[in-house]
Amino acid sequence: MAITRRKTLAIIGGGTILAATTAGAAFLGTRTPAIALAPWEQAGQYDEPRRRALSYAILAPNPHNRQPWLVDLSQPDQITLYVDTTRLLPHTDPFSRQITIGLGCFLELLRMAAAQDGYRVTIAGFPSGSDPEQLDQRPVAHIRFSKDQTVQPDPLFAHVLQRRSLKEPFDPDRAVPDDALTTLLASLADTTNAGATNQPQLVDTLRQLTRDALAIEIETPRTYKESVDLFRIGKVEINETPDGIDFSGPMFDSLAALGLFSRDAALDTGSTVYKQGIAAVMANVDSAMGYVWLTSQTNTRTDQLAAGRDWLRLNLAATGIGLGVHPLSQALQEYPEINELYEDIHQILGANGRTVQMLARLGYAADVPPSPRWPIDAKIM
Ligand SMILES: Cc1cc2nc3c(=O)[nH]c(=O)nc-3n(C[C@H](O)[C@H](O)[C@H](O)COP(=O)(O)O)c2cc1C
């Protein structure tokens, strides 16, 4: 589920109430979840080349920030990547298509980071085969590192630490220019195709469709609960469990401290938190100034890894030109209640038998802090 990080509950004004006391003001000044953000500072601070590359790869975008990667470093110069099957999203991503895309983002970032250090990585995706219906204990990829003086650094790597999924309302007065769309489309390296638009009529159609898809996700109890269960509210929770859908900063911390924001309140469809949350999410979606999407000819696990690779590249290219991208995956999901909108989005985007792997809104908003990450040691088997 998409939630704007700063504005969702601003209307309730918890921060203002809390700041009225001295203790409250001190509390508000110390709310950055520094432990959860430390991996962004530690990136590149490792001597061993595989760990060094991994310290960047864990910063990859991935659905609901589940960070489902696990790596085996027991063989020298090699990494075996597995998926942590306790970190899947069975309701919103029943075939783990999106989880696999996130693993593709991880692999491309790993490749770029290794290239930066003069290592070529050879990646064999799903070397022991795969199941199109579910991910299992078999490796997602075998990765071999070899020193190679001819390997070229990737210019997109420069934007890794600034890259975000920008879940903020976009500036309604700032159009996305044609050349920005061209930059995005030129960033792809794999087998995926991309399309993009800034045409008001199509943008309007997609705003409505993404809005309807979000409503279905929220109104379907099991899919909504899957998101709410992953809410991490306030500094303590985020530091302890640096994943999922994080609500950090003085506003959310104070609302949580005052008992005004909790997972239970978010699940209660009669609560103010629920109503304000939905209003904010919808306003967010309605601020789209353009869209970009990725499609693939077929929908194999290999295609999904390739889509992830290209998504990471596109997200970095957008960062490089100061353009915000915010994936909105609800209409691309594969549970029965969403089927009709799944068909609609494929038709509207002219997919013509191809699978739409990613859809995101585009626009401009102020920078936001990075999202939490588990450190690499938590991900090494
Ligand atoms: C396959 C995929 C699907 C995603 N779908 C959504 C989405 O529907 N809504 C959303 O707010 N973010 C979505 N995201 C963005 C993730 O939530 C985001 O990558 C994650 O929270 C980490 O944040 P970061 O990208 O800013 O580092 C998606 C990302 C990927 C890779």
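The values are calculated or read from the model by the stated rules, or taken from the named source; none is laboratory data. The shown structure was predicted, so the numbers you read here are calculated from the model rather than taken from an experiment. Every residue, glycine among them, receives a Cβ derived from its backbone with ideal geometry; neighbour counts consider all protein chains shown. Accessible surface areas use protein heavy atoms only, side chains included; no ligands, DNA or RNA. Shrake-Rupley method; radii C 1.70, N 1.55, O 1.52, S 1.80 Å.
The C-beta contact set for segment 305-318 (first residue more than 15 Å from A141 (Cα to Cα), second residue open to solvent by 10 Å² or more (accessible area, probe 1.4 Å) and part of a helix (DSSP H, G or I), distance under 7 angstrom, 6+ apart or interchain) comprises R313/L156; L316/L156; L316/H159; A317/L156; A317/T183.
For segment 141-152, the criterion of being free of Cβ contacts under 8 Å to residues at least 40 places away in the same chain, out of contact with any strand residue (DSSP E or B) (no Cβ under 8 Å at 6 or more places or on another chain) and not hydroxyl-bearing (S, T, Y) is met by at least one residue. Under 30 Å from T30 (Cα atoms) and open to solvent by less than 60 Å² (accessible area, probe 1.4 Å), is that true of L209? No: the conditions fail for L209. The set of residues from segment 71-108 being charged (D, E, K, R) and part of a loop (DSSP other than H, G, I, E, B) comprises D77, D84, D93.
Matching residues to (1) out of contact with any strand residue (DSSP E or B) (no Cβ under 8 Å at 6 or more places or on another chain); (2) open to solvent by 30 Å² or more (accessible area, probe 1.4 Å):
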position: R52; (1), (2): yes, yes
position: L70; (1), (2): no, yes
position: L89; (1), (2): yes, no
position: P94; (1), (2): yes, yes
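Has segment 328-348 got any residue that is open to solvent by 10 Å² or more (accessible area, probe 1.4 Å), out of contact with any helix residue (DSSP H, G or I) (no Cβ under 9 Å at 6 or more places or on another chain), over 22 Å from P68 (Cα atoms) and within 12 Å of the ligand (Cβ to nearest atom)? No - not one qualifying residue is present in segment 328-348.
Scanning segment 264-296 for residues that are out of contact with any Gly (no Cβ under 8 Å at 6 or more places or on another chain), assigned to a loop (DSSP other than H, G, I, E, B) and either of a type outside the set (D, E) or within 14 Å of the ligand (Cβ to nearest atom) (or both) yields a total of 3. Cβ-Cβ distances below 6 Å connect no pair with a first residue in segment 50-70 that is assigned to a strand (DSSP E or B), a second residue that is near the ligand (Cβ under 7 Å from one of its atoms) and hydroxyl-bearing (S, T, Y), and a separation of six or more residues or different chains.
For segment 181-199, does any single residue satisfy the condition of being assigned to a loop (DSSP other than H, G, I, E, B), more than 22 Å from A351 (Cα to Cα) and within 19 Å of the chain's Cα centre (by Cα)?
Start the filter on segment 181-199 by keeping residues that are assigned to a loop (DSSP other than H, G, I, E, B), which leaves 186-192, 198-199.
From the residues that got through so far, the ones that are more than 22 Å from A351 (Cα to Cα) too are none.
Taking every residue of segment 181-199 in turn, none turns out to be assigned to a loop (DSSP other than H, G, I, E, B), more than 22 Å from A351 (Cα to Cα) and within 19 Å of the chain's Cα centre (by Cα).
When segment 234-245 is filtered for residues that are surrounded by 18 or more Cβ atoms within 10 Å (Cβ to Cβ) and over 18 Å from the mean Cα position of the chain (by Cα), the ones remaining, listed by number, are G234, K235, E237, N239.
Hey, can you tell me all the residues within segment 264-285 that are farther than 28 Å from G324 by Cα and open to solvent by 30 Å² or more (accessible area, probe 1.4 Å)? The answer is D264, L267, D268, T269, G270, T272. If you go through segment 169-220 and keep only what is at pLDDT 95 or above, within 30 Å of P39 (Cβ to Cβ) and within 16 Å of the ligand (Cβ to nearest atom), you end up with P169, F170, L184, S187, L188, A194, L214, E217. Within segment 114-154, if we keep just the residues that are over 22 Å from I101 (Cα atoms) and in contact with a Gly (Cβ under 8 Å, 6 or more places away or on another chain), the residue that is surrounded by the most Cβ atoms within 10 Å (Cβ to Cβ) turns out to be V151.
Would you pick out the residues in segment 349-366 that are open to solvent by 10 Å² or more (accessible area, probe 1.4 Å) and within 14 Å of the ligand (Cβ to nearest atom)? So that I can check it myself, show each step before the final result.
Taking segment 349-366 and keeping what is open to solvent by 10 Å² or more (accessible area, probe 1.4 Å), we get 349-350, 352-355, 358, 364-366.
Of everything in segment 349-366, those that are open to solvent by 10 Å² or more (accessible area, probe 1.4 Å) and within 14 Å of the ligand (Cβ to nearest atom) turn out to be T355, M358, A365.
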